[in-house]
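To start, the structure under review is shown below, and the notes come after it.
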Amino acid sequence: MFWARLLGQFLAVIIGVCGLAGTAGAQSGPQLTMDSVNVRQEGVVGFSTLALGTEVRTDFAPPRFLVGQTEDQSFRLYVDVDSIQQLRFNAFTFTAYLANAKDAKAAASKFQVTGNPTGSFRDAPVRVSFHVKNGGSTVAGDILMPVYNAAKTDLLAAEKRVDPVYVSVSGATPFDVAVANGADTLPVAVTDVAVTPSCLKCWSRVSSPVSDKAAVTIEPGTTTNLPLTILPNSIPALLQGALIIKSDVPHDTFAITVTYHTVPGGADRKAKILATLRFGPGLLGIALALFGGVALGLAARYLLTGRLGNENERALHAILGAVVFALIAEFIGILMVSYGNSKLIVFGLDIDPRQLFPAFILAMLVSGGSAVVAWSKGLFGKTA
């Protein structure tokens with residue numbers, strides 16, 4: 001028992017001496033503390049530092065390293081942006097180096113810094129104050145660096161569109177999604193744009209060139225269009241919108257998921273955007289609908305009045321006049337719906353002349369003249 005007690009006391013002394021030596025060694029270099037920072041009165045970030053020893057390096061070149069300096073210019077603080085990592089519980093960490101500004105060849109003290117945000121601020125660049133204790137003196141400095149808040153998710157804002165986007169079924173159509181990055185924030189890199197249509201059979205291809213290797217960067221305070229290439233499946237798309245003739249009712253809706261992160265070091269986030277679309281038959285489809293409507297209108301006029309045009313009007317002149325006036329009516333109707341706040345109302349119905357069925361009806365009524373219009377009104381009056 002005596003020898004066991006003596007051995008235990010000896011080991012305790014050795015461990016104590018080693019501990020004192022380790023503490024002295026850890027405190028022999030400069031010590032770093034970073035002050036809490038208030039981010040636009042919306043939240044606070046507190047910092048804790050852990051000394052990792054020293055490292056001999058002189059390659060603190062931007063843009064990988066952000067640099068700050070003490071007021072007496074004796075120390076420089078370098079933040080390695082490539083080391084930024086997002087942690088659980090809304091914290092983030094990075095590696096920082098404290099170097100002697102007057103001796104570039106001296107070993108730099110290495111620290112692991114952890115930021116703990118509270119509040120609802122967005123990821124943003126802020127100026128953080130720090131203190132360096134070296135021996136018996138303490139000096140202050142500051143550095144401009146990014147801070148993060150994973151709890152705030154709406155970093156991007158989508159441009160709202162009141163009316164559905166018009167898409168021709170005759171070929172591929174470029175489609176842009178406008179998103180804005182707010183001012184006083186960090187740049188945002190968009191790495192993926194995924195689209196889920198409501199009508200899956202209406203599309204042959206919906207794709208975006210945006211990817212990790214071809215990311216789109218949105219600077220603070222700017223708006224950028226994210227490109228999509230969309231190719232409708234002609235017949236299903238036309239059938240989808242065949243009976244939806246009102247100009248403000250969509251034929252399909254895109255659920256768009258935008259994956260992005262702040263630069264540098266931000267966590268991946270997802271923004272959900274809805275976009276509405278209407279299908280159009282293209283110029284060939286509109287032309288076929290117009291000529292079909294003219295033919296039917298002239299035939300109905302002949303059956304009702306016994307002639308194609310006015311009294312003593314030649315048939316060729318009547319046919320050419322019907323085609324020309326149908327084209328003019330269609331052109332004016334498209335201008336009214338596409339570029340103005342007007343609506344095209346036919347028999348109390350708000351119709352879109354860019355669709356097959358409304359274009360056909362419009363051409364039929366114009367070419368048929370007053371006889372067909374009066375007959376149609378009488379028919380609708382009887383069925384009302």
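Assorted remarks:
- Within the stretch 137-159, the set of residues being loosely packed, with under 15 Cβ neighbours inside 10 Å and in contact with a strand residue (DSSP E or B) (Cβ under 8 Å, 6 or more places away or on another chain) comprises 138, 140, 144, 151, 153, 154, 157, 159.
- Top-ranked residue in the stretch 44-80 [being buried (at least 18 other Cβ atoms within 10 Å of the Cβ) and aliphatic (A, V, I, L, M); ranked as nearest to residue 147 (Cα to Cα)]: 45
- Condition check for residue 234: under 30 Å from residue 327 (Cβ atoms), touching a residue at least 60 places away in the same chain (Cβ under 8 Å), in contact with an Asp or Glu (Cβ under 8 Å, 6 or more places away or on another chain) and not assigned by TED's automatic domain parsing to the domain that holds residue 365: no
- Which numbered condition residue 184 misses (of (1) within 30 Å of residue 113 (Cβ to Cβ); (2) assigned to a strand (DSSP E or B)): (2)
- Of the residues making up the stretch 224-247, those that are more than 15 Å from residue 202 (Cα to Cα) and within 24 Å of the chain's Cα centre (by Cα) are 224, 225, 226, 227, 228.
- Test: residue 162 is assigned by TED's automatic domain parsing to the domain that holds residue 207, surrounded by fewer than 16 Cβ atoms within 10 Å (Cβ to Cβ), within 30 Å of residue 195 (Cβ to Cβ) and among the β-branched types (Val, Ile, Thr): yes
- Looking only at residues in the stretch 114-124 that are under 12 Å from residue 150 (Cβ atoms), crowded, with 19+ Cβ neighbours inside 10 Å and not basic (Lys, Arg), the one that is farthest from the chain's Cα centre (by Cα) is 115.
- Applying the criterion of being among the hydrophobic types (A, V, I, L, M, F, W, C) and not in a helix (DSSP H, G or I) to the residues of the stretch 329-384, the residue that is modelled with the lowest pLDDT is 384.
- Looking across 227, 264, one residue alone is touching a strand residue (DSSP E or B) at 6+ places or on another chain (Cβ under 8 Å), farther than 29 Å from residue 166 by Cβ, of a type outside the set (Val, Ile, Thr) and not assigned by TED's automatic domain parsing to the domain that holds residue 121. It is 264.
- Taken over the stretch 248-264, residues that are surrounded by fewer than 21 Cβ atoms within 10 Å (Cβ to Cβ) and either charged (D, E, K, R) or more than 17 Å from the chain's Cα centre (by Cα) (or both) amount to 4.
- Check on residue 134, surrounded by 14 or more Cβ atoms within 10 Å (Cβ to Cβ), under 13 Å from residue 47 (Cβ atoms) and out of contact with any helix residue (DSSP H, G or I) (no Cβ under 9 Å at 6 or more places or on another chain): no
The values are calculated or read from the model by the stated rules, or taken from the named source; none is laboratory data. This structure is a prediction, so every number in the text was calculated from the model and none was measured. Reconstructed Cβ throughout: ideal geometry from the backbone, glycine too, with neighbour counts over all protein chains shown.
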